[in-house]
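Here the structure is laid out as structure tokens; the discussion comes afterwards.
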2 protein chains.
Amino acid sequence: MEVAIGIDIGGTSTKIALVDISGKIMAKKSFSSHAPGGADAFFPNLSEAIADLSGQFSGEFRLAGIGVGAPSCNELAGTIEGAANLPFQEPFPLVQLLKEAYNVPVWLTKDSNAALLGESRYGSGRGIQNFILITLGTGLGSSIMANGKLVKGGSGLAGEAGHIRVANNNRKCACGKTGCLETYVSALGLKRTAMALMAEEMTESDLRAYSFEQLNAQLIYEAASEGDTLARQVFEITGKVLGDKMAELVAIFEPQAIVLAGGVSAAGQLLIDPMRKQMERELLEFHKNKVRILNTSLATNEAALLGAASLVWDQKKSVPVS
Amino acid sequence: MEVAIGIDIGGTSTKIALVDISGKIMAKKSFSSHAPGGADAFFPNLSEAIADLSGQFSGEFRLAGIGVGAPSCNELAGTIEGAANLPFQEPFPLVQLLKEAYNVPVWLTKDSNAALLGESRYGSGRGIQNFILITLGTGLGSSIMANGKLVKGGSGLAGEAGHIRVANNNRKCACGKTGCLETYVSALGLKRTAMALMAEEMTESDLRAYSFEQLNAQLIYEAASEGDTLARQVFEITGKVLGDKMAELVAIFEPQAIVLAGGVSAAGQLLIDPMRKQMERELLEFHKNKVRILNTSLATNEAALLGAASLVWDQKKSVPVS
């Protein structure tokens, strides 16, 4: 059978999967994007993971191609450059390396675009011509579908809603700027908000037992689910900040839906309720009660993998069969 | 010869023009959108202006259709509703009224969309696949071209960048919200900023001779051109606020250009210099020095008229000739 490899390079881990044309994941694996050795160690780690994956999959297969979603990539050059959360300081020629190693077509797009394609083809975005996808991982990725087409921007660098400004926010961002949305709305943002709240409030909280290094979004989510007041407040603040900025995006685009994906979206209503409340409060009259907020219907973090793999199938379709 | 009527309904005045297919304006006219009598008086005034226009044009013509650009319109219903700066409180059935009166096809789109189509077909946006149009009149209109197509949103109500939020802005907006971008960046915004500066600063200024009612964007522009410090400061602040929010839009869309149109855009570099400076300061590294800021190349306020009329020609083209 024919399969595609989908690769989703994230700020924390890199996921890879063997995917068939129906969107079925035959085998998958992940490894740390920050393994010792920096950029130099990344490609050998990736190759090893691909070899391991091929071994895991028991069936016979022919590799149709490789699709990659990665932050801050240059689609035309096939390189990753300027990604704030990755150890790739220089343009990293990933497409070339993969082509040389596997001798198949390789497609590269921004991680958030890959996730959007996955949601649009297989997930919550199916059949919706205008939607915004917000991917909440280590950072905040965004991507927009308008008139049924991905908005890529003049040189494929659209979709950086993680770096729009939040009012009165003095948090430094990994990108070098101050006040970016992802300093609040992301896994790291949740942790920073929890730390700031512990500093400001006297509320008792299970979270006070963790160091900054130990704390993570999962622990905050678990504490909030068990009723920890401070942890719940973290999600209230995060949702409110996100809702505020989404109201601005709705004013500009009028999407039919906002789809939330990525690890942090597993928080579900803890995040969506305060987000919706604030967004609706800030919308213009004629935009109110129209925009759905949806969680991804795909398994955690599979949207980008499926979307990356779908680049291979999309491309195959566009080549005439002779 | 065949002509289209283009109508541009603005917060202050309504402009109409007879336009041929090449985009040449054969005759034009304008009247106050706020004539005594409110919504009831508007259609008779419009009809009178159309009759007058037809009289002005000496040649024989056949009317191919009417295209209208208007704020806050419902394209599907053919009505104007909820426009903050117009005396039309209820859904105003403009398309139906025009069809009944003139018995030709009538097309309605948002004023900012009409302007975008005009810029894209005849103006500064020619050949640019991804651009943002900011129309600065009584309010701030916005419209986006992505992948060569107008971004209309789920129900034609996209393009309300006039109502995105400016940090630490407590100005009430005509829309009922507080802190909207157009409370700074618009003809009225300039006036409000001038008034606020006169209250805060001790600087001598020619503008101090005018009441709020007397003052307008043209007077502030003239004073600034003659070196009036306070008037120049008004444009500095306005440009900075606009540049700040445009940096956010660039992060999301990565347009190749931002085109400024509408009466206030005549201020040119007085507005563009501080806008560019602030926008570039706020952009992500890989977005810097890429986005052009262009002034409309069309005569003041003609973009929306031409774009509205072009709806007629676009539609004619899409109907097969048998």
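The values are calculated or read from the model by the stated rules, or taken from the named source; none is laboratory data. None of these values were measured; they are calculated from a predicted model. All Cβ positions, even for glycine, are placed from backbone atoms using ideal geometry, and neighbour counts span all protein chains on display. SASA here: full protein model, heavy atoms, side chains in, ligands and nucleic acids out. Shrake-Rupley method; radii C 1.70, N 1.55, O 1.52, S 1.80 Å.
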With every protein chain in place, the residues of the stretch B:124-150 shedding 10 Å² or more of accessible area versus the chain by itself (probe 1.4 Å) are B:Asn130, B:Ile144, B:Ala146, B:Asn147, B:Lys149, B:Leu150
Using alpha-carbon positions, the gyration tensor of the stretch A:190-322 gives root eigenvalues a ≥ b ≥ c; with a/c under 1.5 called rounded, otherwise prolate if a/b exceeds b/c, else oblate, the class is oblate
Bounding extents of chain A in its principal axis frame from Cα atoms, largest first in Å, are 65, 47, 35
Convex hull around the C-alpha positions of the stretch B:182-231: the volume in Å³ per residue is 67
The stretch A:192-312 accessible area per residue, 1.4 Å probe, protein heavy atoms, integer Å², reads 42
Checking A:Met202, A:Met279, A:Met145 against a Gaussian network model of chain A (alpha-carbon springs below 10 Å), the top fluctuating residue turns out to be A:Met202
Of the accessible area of chain A, computed with a 1.4 Å probe and all protein chains kept, carbon and sulfur make up a percent value of 50
Averaged over residues of A:170-181, the number of beta carbons from other chains lying within 10 Å of each residue's Cβ is 2
accessible surface per residue for the stretch B:1-112, probe 1.4 Å, DNA/RNA/ligands not counted, whole Å² -> 43
Sorting from shortest, the nanometre distances separating the label point of A:Ser54 (7 Å past Cα along the line to Cβ) from those of the same residue in the other copies are 7.6
Largest fluctuation, B:Ala115, B:Ala84, B:Ala261 only, Gaussian network model of chain B with Cα springs under 10 angstrom, belongs to B:Ala84
Counting all Cα-Cα pairs in the stretch B:141-193, those more than 13 Å apart amount in percent to 61
The FRET efficiency for A:Ile25 and B:Ala101, from their Cβ-Cβ distance with R0 = 60 Å and rounded to 0.05, is 0.50
Within 10 Å of the Cβ of an average residue in B:63-70, the count of other chain Cβ atoms is 0
For B:Lys177, the net charge from surrounding residues (Cβ-Cβ under 12 Å; K, R +1; D, E -1) works out to 0
With the label set 7 Å along Cα→Cβ, A:Met1 is separated from its counterparts in the other copies, in nm and shortest first, by 6.6
Output field shielding_mean for B:242-253 (other chain Cβ, 10 Å radius) holds 6
Of all DSSP beta bridges having both residues in the stretch B:125-295, the percent classed as antiparallel (nearest 5) is 55
Chain A: longest segment with zero exposed chymotrypsin sites (Phe, Trp or Tyr not before Pro), where exposed means DSSP loop plus at most 16 other C-beta atoms within 10 Å, is residues A:62-211
Probe 1.4 Å, protein heavy atoms only: B and A together bury a total accessible area in Å², to the nearest 100, of 3300
If labels are modelled 7 Å from Cα along the Cβ direction, B:Ala199 lies from its partners in the other copies at nm distances, smallest first, of 3.4
Note on the protein assembly as shown: C-alpha Rg/Rh, Kirkwood Rh, two decimals, gives 1.01
What a careful reader reports for the chain A Cβ nearest the rotation axis onto chain B, distance rounded to whole angstrom, is A:Ala167, 2
Residues hit by the 20 Å² burial cutoff in the stretch A:268-284, accessible area with a 1.4 Å probe, assembly against chain on its own, are A:Glu282, A:Leu284
Between the modelled labels at A:Ala35 and A:Thr178 (7 Å from Cα along Cα→Cβ) the distance in nm is 3.9
